[in-house]
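Read through the structure below, which is laid out as structure tokens, and then see the notes.
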Amino acid sequence: MKLQELQYDLPPELIAQQPAEPRDASRLLVVDRAQKTLHHRTFRDIVEYLNPGDVLVLNDTRVIPARFFCTRTTGGRVEGLFLHQQDAAWRVMLKSGRRLKIGELLHCDGVEVGLEVVQRLERGEWLLRPQPAIDPIALLERIGQTPLPPYIQRPNQPTPQDRTCYQTVYAERPGAVAAPTAGLHFTPAVLEELADRGVRRVTVTLHVGAGTFVPISADDLADHEMHAEWYEITPAAMDELRATRSAGGRIVAVGTTAARVLESLPADTLDAADPPTQTIRDWTRIFIYPPYEWRHVDRLLTNFHLPGSTLLALVQALAGQELIRRAYREAVDRRYRFYSYGDAMLIL
């Protein structure tokens, strides 16, 4: 597959800058793969498309306030994005960090904590060691800001509203630097209505990394180096998925992150006579693009993705390139809202 096949024209004004209010008032484009049809609905209508015995797979990662600012001893300002902890150090992306020196101490705003420059890595990433040692999540909760994606413009900084809105209502496990945006549309009322209908739900965890915004770097997708993201799935979740599959229910991945967790599992995981008895914790670099043979996902709820992105490639792999191209053209024509705070698509 070639990168050009993932391009489309999007008017800039269709990039959503604010979330829908309420969350479940966003629009929903329903893509029926069997009938090759498109239906225009409201998100809360999703209840009509799921059956008793289906299972929703939700990513329960929680976005941390990963954006932070430090001051050099020279007085220069450095903006950072925390990625994850690596042994006793922080792996971060830094802006204006080209002149940093190994051993230099960056002073965090508002606290008596410094970050020692340990190592320069590739792609603008660095290793920093906090002085004194401190839990990164605890510190970022004090000094950090919501790490909104670059296409959401704020004149100064993210608002207090963003800290709440850029988070799913079921987020529990801190670690993501970007939201699993398909889940942003759910409200407690919609989840309760689905439960009353007999739709079960399980949670997995994938801590969304900054790499989710990195465009594909090669003309031939086979040459693209996929970023890694940490995930976890428990035996209880796998038992629920196995029970759903054996009873004829459908596995509905809420977002590309949940889909990547499921598709990272071995092909026989849900059918094996001896299922895993330990929680699976690992890094995944799975890159899903046409042609791909899906192992575990039957349905997918997702947002509208950037041109030339790995996420758009994943969606095309599930619904077919021509049908997704038609869906995106119609979404643009009907003025759907795109990207993280935008509208949703349900692929049946």
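The values are calculated or read from the model by the stated rules, or taken from the named source; none is laboratory data. Just so it is clear, the model here is predicted, and its values are computed rather than measured. A quick note on method: Cβ atoms are made from the backbone with ideal geometry, for glycine too, and the neighbour counts reach across all protein chains shown. In case anyone asks, the SASA skips ligands and DNA or RNA and just uses the protein heavy atoms, side chains included. Shrake-Rupley method; radii C 1.70, N 1.55, O 1.52, S 1.80 Å.
Inspection of the range 244-262 identifies at least one residue that is open to solvent by less than 30 Å² (accessible area, probe 1.4 Å), within 27 Å of GLY53 (Cβ to Cβ) and part of a loop (DSSP other than H, G, I, E, B).
Results for (1) part of a helix (DSSP H, G or I); (2) under 26 Å from GLY248 (Cβ atoms), shown as yes or no for each residue.
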| site | (1), (2) |
| --- | --- |
| GLU293 | no, yes |
| VAL297 | no, yes |
| PRO307 | no, no |
| LEU311 | yes, no |
| GLN316 | yes, no |
| ALA331 | yes, no |
| ARG335 | no, no |
| GLY342 | no, no |
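Looking across the range 51-80, the residues that are β-branched (Val, Ile, Thr), in a strand (DSSP E or B) and under 24 Å from TRP230 (Cα atoms) come down to VAL55, VAL57, THR61, VAL63.
Candidates PRO155, PRO188, PRO132: the one that is under 21 Å from the mean Cα position of the chain (by Cα) and surrounded by fewer than 18 Cβ atoms within 10 Å (Cβ to Cβ) is PRO188.
Looking only at residues in the range 31-50 that are part of a helix (DSSP H, G or I) and in contact (Cβ under 8 Å) with a residue 40 or more places away in the chain, the one that is most open to solvent (accessible area, probe 1.4 Å) is ARG44.
Quick grid of which residues meet (1) under 30 Å from GLU225 (Cα atoms); (2) crowded, with 16+ Cβ neighbours inside 10 Å:
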{"residue": "VAL113", "(1), (2)": "no, yes"}
{"residue": "GLN119", "(1), (2)": "yes, no"}
{"residue": "ALA138", "(1), (2)": "no, no"}
{"residue": "GLU141", "(1), (2)": "no, no"}
{"residue": "GLY144", "(1), (2)": "yes, yes"}
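If you filter the range 206-236 down to residues that are farther than 27 Å from PHE82 by Cβ and part of a helix (DSSP H, G or I), you find that the one that is least open to solvent (accessible area, probe 1.4 Å) is LEU221. The number of residues in the range 51-64 being open to solvent by 10 Å² or more (accessible area, probe 1.4 Å) and either of a type in the set (Phe, Trp, Tyr) or closer than 23 Å to PRO130 by Cβ (or both) comes to 2.
Per the listing THR164, THR203, the residue uniquely more than 21 Å from GLU229 (Cα to Cα), open to solvent by 40 Å² or more (accessible area, probe 1.4 Å) and either hydroxyl-bearing (Ser, Thr, Tyr) or in a helix (DSSP H, G or I) (or both) is THR164.
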